[in-house]
1. Looking at segment 62-83, is at least one residue over 20 Å from Q188 (Cβ atoms), of a type in the set (A, V, I, L, M) and in contact (Cβ under 8 Å) with a residue 60 or more places away in the chain?
2. Taking only pairs six or more apart or across chains, which ones have beta-carbon atoms under 9 Å, a first residue in segment 1-29 that is without any contact (Cβ under 8 Å) to a residue 60 or more places away in the chain, and a second residue that is of a type in the set (F, W, Y) and open to solvent by 50 Å² or more (accessible area, probe 1.4 Å)?
3. Residue check: is D123 over 23 Å from I200 (Cα atoms), assigned to a loop (DSSP other than H, G, I, E, B) and charged (D, E, K, R)?
4. Hey, among A132, A98, A90, which residue is within 21 Å of E223 (Cα to Cα) and buried (at least 17 other Cβ atoms within 10 Å of the Cβ)?
5. Kindly establish whether R229 is open to solvent by 60 Å² or more (accessible area, probe 1.4 Å) and assigned to a helix (DSSP H, G or I).
6. Give me a count of the residues in segment 43-94 that are farther than 26 Å from K155 by Cα and either assigned to a helix (DSSP H, G or I) or among the acidic types (D, E) (or both).
7. Condition first: at negative phi, more than 13 Å from the chain's Cα centre (by Cα) and basic (K, R). Can you find one or more residues in segment 92-105 that meet it?
8. Just to be sure before I move on: is T210 at pLDDT 85 or above and not in a loop (DSSP other than H, G, I, E, B) in the structure I sent?
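The values are calculated or read from the model by the stated rules, or taken from the named source; none is laboratory data. If you're wondering where the values come from, they're calculated on a predicted model, not measured in any experiment. Note that we place each Cβ from the backbone using ideal geometry, even for glycine, and neighbour counts take in every protein chain shown. Accessible surface is based on the protein model in full, side chains and every heavy atom, while ligands, DNA and RNA are left aside. Shrake-Rupley method; radii C 1.70, N 1.55, O 1.52, S 1.80 Å.
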Amino acid sequence: MKILTTVKKVVDVELTIRVESGAIVEEGLQYVMNAWDENAVEASVQLKENNGAETTLVSIGGGDDNTQIIRRGYAMGIDNGIQVDDPQLAGADSFVLARVLQKVYETGSYDLVVTGKQAQDTDNGQTGIILAENLGIPCVSNVVAIDVIDDKLIKVTRLGDGGKEIVELKLPALVTVSDSINEPRLPQMRGLMMAKKKKIEVMDLAALGTSFAEVGGSGNRSEILEFSRSQAREAGKKFEGDAAQITAQVVDLLMNEAKVL
């Protein structure tokens, strides 16, 4: 089995993010692997360890941040790494990124694509599903378990609205994983040192046999116009005293101030 795992570079949300004039202030920002994509990497590595799969990681974007993210994937146990580095893709939306990933998929004979459920910067949750539609392969989202039945069939468990659902998928297929699927491993020092020596295949659109126009780059379906900080929540109200009096006060506030009753 050959597995393609997609990862995205995102701003480290543990840091204070400043917004000025509708834009994020880049000074002092650090970038990390998207949290849900770490779960995807861990799921792929476990499939490798338990079923002898060959794993490849792909990340779109240039610079040292993306390189380090791929090397972190190596340290976690990924076999191969691809970095799609093309300045024309700056600002690309989910639709365009899915078209680029489609070209990456078509360069290899992959049986399974594993992506994170969503990205922690945009929370769109669209790229993996659009990619599956472009490829014409079955897709299951919000997956919390993957079991290999044989080289042509897998069984996945997903979190649905009414509880867990079990689905059998014919390969090739794509799954987007929830953060409930596993606890990503922390790379060991030996793995981090070995990852520094591993080769990363760097490709631009031309190397993928495509162009900016072909992947729809001139026609993004969505565009971020500006960023703004969330409004601070007002301080909560604390009630003390007799239970009957407190209940009456709360009901009155819900009806006349919050207007939710």
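1. Scanning segment 62-83 turns up at least one residue that is over 20 Å from Q188 (Cβ atoms), of a type in the set (A, V, I, L, M) and in contact (Cβ under 8 Å) with a residue 60 or more places away in the chain.
2. These pairs meet every condition: D12/Y31; I17/F227.
3. yes
4. A98
5. no
6. Counting residues in segment 43-94 that are farther than 26 Å from K155 by Cα and either assigned to a helix (DSSP H, G or I) or among the acidic types (D, E) (or both) gives 19.
7. Checked against the condition, which is being at negative phi, more than 13 Å from the chain's Cα centre (by Cα) and basic (K, R), segment 92-105 yields at least one hit.
8. No: the conditions fail for T210.
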